[in-house]
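Coordinate-derived values only; no laboratory data. Predicted model, so just to flag it, every value in this text is computed and none were measured. Heads up, the Cβs are rebuilt from the backbone with ideal geometry, glycines too, and the neighbour counts pull from every protein chain shown.
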Amino acid sequence: MAKSALLKSSIGKKYWMALTGLFLCLFLVGHLAGNLQLLMPNSQLQFNQYALFMTTNPAVKILSYLTYISILFHAVDGILLAIQNKKARPVGYAKSNPSANSSFASRNMAVLGTLVLVFIATHMINFWAKMHFDEKMPLMTQTIEPAPGMKSEYYVGRAVGQYYQVDQVKLPGEKEPEAGLPPKQLEVKNGTDLYNVQANVKVGELYKDLHKITFDFFKDKKYGLYFTLFYVFSMLVLAFHLWHGFQSAFQSLGLNNPKWTPIIKFAGKAFAVIVPILFAIIPLYIHFSK
Amino acid sequence: MSAAKNINITLKIWRQKNAKTKGGIETYKLDNVSTASSFLEMLDQLNEQLVNERKEPVAFDHDCREGICGSCSLYINGRAHGPDTGITTCQLHMRMFNDGDTIFVEPWRSKAFPVIKDLVVDRSAFDRIQQAGGFVSVNTSGRTIDANSIPVPKDDADKAFMAAACIGCGACVATCKNGSAMLFVGAKVSQYALLPQGKVEATERVLNMVRQMDEEGFGNCTNTGACEIECPKGISLENIARMNREYLKASL
């Protein structure tokens, strides 16, 4: 009985909210560190290498599945708690003065959390899903000038020094060149593998260009400003959610004592301000950069 | 303190015939209320007026009128026990209000505290939580040793005493946006968990009291901290954290 109470009881549900919430705070730090690379000049190759690592490394895979599970559990548990809490007061007060004794963030965690969830969904559609499933995900290219006046676009291979001229490479679904033109020597298969067409031998691997996807997204002529503003707004919502959530997690786990609680509260508020601001700077920088 | 004066007020009071009928807010004008009177004395004055008008007086809970029994409840102008801190309703004075004020008076709102009549709610859910484990089963057959012969660290004794100051008034539930009873249960769990006499039964106590609390239909704590601020006895949120620790220990 005691064991199942850890899932079903009021206090048990709070432990899970706290544990998944704190794990997601760790995730935020990792994600932020990755994103901040976008602010570095000439970060294209580094960022795409990082994106490749994050989508293929087995240890990262385990962490990412833990993150998906945490987000789902945090959301489902949160919704269950919010429904129960609504039911606990069937008749409300005619006059209520909640700001006299509690903060805005603490009273609106469910609404803030739902908004963050909507943001996560759109964010995953815009970036994560493209990286994982989009067959038309662009591959990283670079403009190189091997000799004066011979500037052209090259695909960047994963091995150092490998470059493949763009017009030599046939992309999946691309038509054969018109009659009279020489057939292409190379072909992209399985998303990023580069094959020699005649020998059907793999000659190299390319990078998915998440860097380009990101820059194009926030610099989009028509919608880039709206995407940027939505991102910044979502970070503001996240800031409020963390403002209460961080220290609340420690209280739920029973970690409250006169010495540590003021430090935890301060750290939580610092986290709630710094992390979302750093996240928000990135799309602002991209949108307004040349 | 300035001398008492008389003020005229408008009261908006929840009236409900019994648990089964639907209630509503009624408006009453009350003149010549002394600012030196307590909130309950003001309600007595209103009831006198209602009786003289051959109307049904307003039912409200009260007993000791010195802030220790926890009977008087009342959600006044959007706050449990009204606009002051560290008090019950009997300790709220009319000097906190101004001439011409409109004052809302409502019962505690919680699924677990159904309204019996007007402003009176049934708080027996708290009794059932206490009966589920809020006690120490000592043998009192006559040869029990004196409690003071067991050494208790001063710090623990103080914390247990502060938790035991809970009068079970239900302000925590009333003020919590989730209608959660965790400050009450936290205090009751803590006052025993901190003392050697209570530690013996700590595991079953916390499991049983929390199970009963959930069964009664109270909401879940989201750590807004409103209960701690509205509690007339200043019960600290540390008690909820202690209950959370005790519950984790007991569940593993």
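Tabulated results
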{"item": "Gap separating the Cα centres of the stretch B:73-117 and the stretch B:145-177, nearest whole Å", "result": "25"}
{"item": "Shielding score for A:96-105, defined as the mean number of other chain Cβ atoms within 10 Å", "result": "6"}
{"item": "Per-residue mean of C-beta atoms belonging to partner chains within 10 Å, peptide A:78-87", "result": "4"}
{"item": "Residues of type aspartates and glutamates that A:K189 reaches as a straight line, Cα spacing below 17 Å, ignoring anything fewer than 8 places off in the same chain", "result": "A:D134, A:E135, A:D167, A:E174, A:E176, A:E205, A:D209"}
{"item": "Shielding score for A:281-290, defined as the mean number of other chain Cβ atoms within 10 Å", "result": "0"}
{"item": "Helix axis angle, A:210-219 relative to chain A longest principal axis, alpha carbon, degrees", "result": "70"}
{"item": "Given charges at beta-carbon only (K, R positive; D, E negative), |dipole| of chain B in Debye", "result": "520"}
{"item": "Rounded to the nearest 20 debye, dipole of the protein assembly as shown from Cβ charges on Lys, Arg, Asp, Glu", "result": "420"}
{"item": "5 Å binning of all Cα-Cα separations within chain A, expressed as whole percents from 0 upward", "result": "1, 4, 9, 13, 14, 13, 11, 9, 7, 6, 5, 3, 2, 2, 1, 0, 0"}
{"item": "Cα-based convex hull, the protein assembly as shown, per residue volume (Å³, whole number)", "result": "242"}
{"item": "Three-way shape call for the stretch B:6-116 based on the alpha-carbon gyration tensor, with the a/c threshold at 1.5", "result": "oblate"}
{"item": "Relative contact order computed over the stretch B:123-251 (Cα-Cα under 8 Å; 6+ residues apart), in percent", "result": "35"}
{"item": "Those lysines that a straight Cα-Cα span of less than 28 Å connects to A:K290, excepting residues fewer than 8 apart in one chain", "result": "A:K130, A:K136, A:K151, A:K208, A:K212, A:K219, A:K221, A:K222"}
{"item": "Relative contact order of chain B, defined on C-alpha pairs under 8 angstrom at six or more residues apart (%)", "result": "19"}
{"item": "Most positive-pole-ward Cα, A:F215, A:L225, A:A199, against dipole of the protein assembly as shown from beta carbon charges", "result": "A:A199"}
{"item": "Cα long-axis angle, helix A:10-36 against chain A (0 to 90 degrees, to the nearest 10)", "result": "30"}
{"item": "Those aspartates and glutamates that a straight Cα-Cα span of less than 15 Å connects to A:K259, excepting residues fewer than 8 apart in one chain", "result": "B:D155, B:E238"}
{"item": "GNM result for chain A, Cα springs below 10 Å: residue of A:V160, A:V237, A:V76 fluctuating most strongly", "result": "A:V160"}
{"item": "Charged-residue dipole, Cβ positions (Lys, Arg, Asp, Glu), chain A about Cα centre, Debye nearest 20", "result": "1640"}
{"item": "Percentage of interatomic Cα-Cα distances in the stretch B:123-251 larger than 22 Å", "result": "33"}
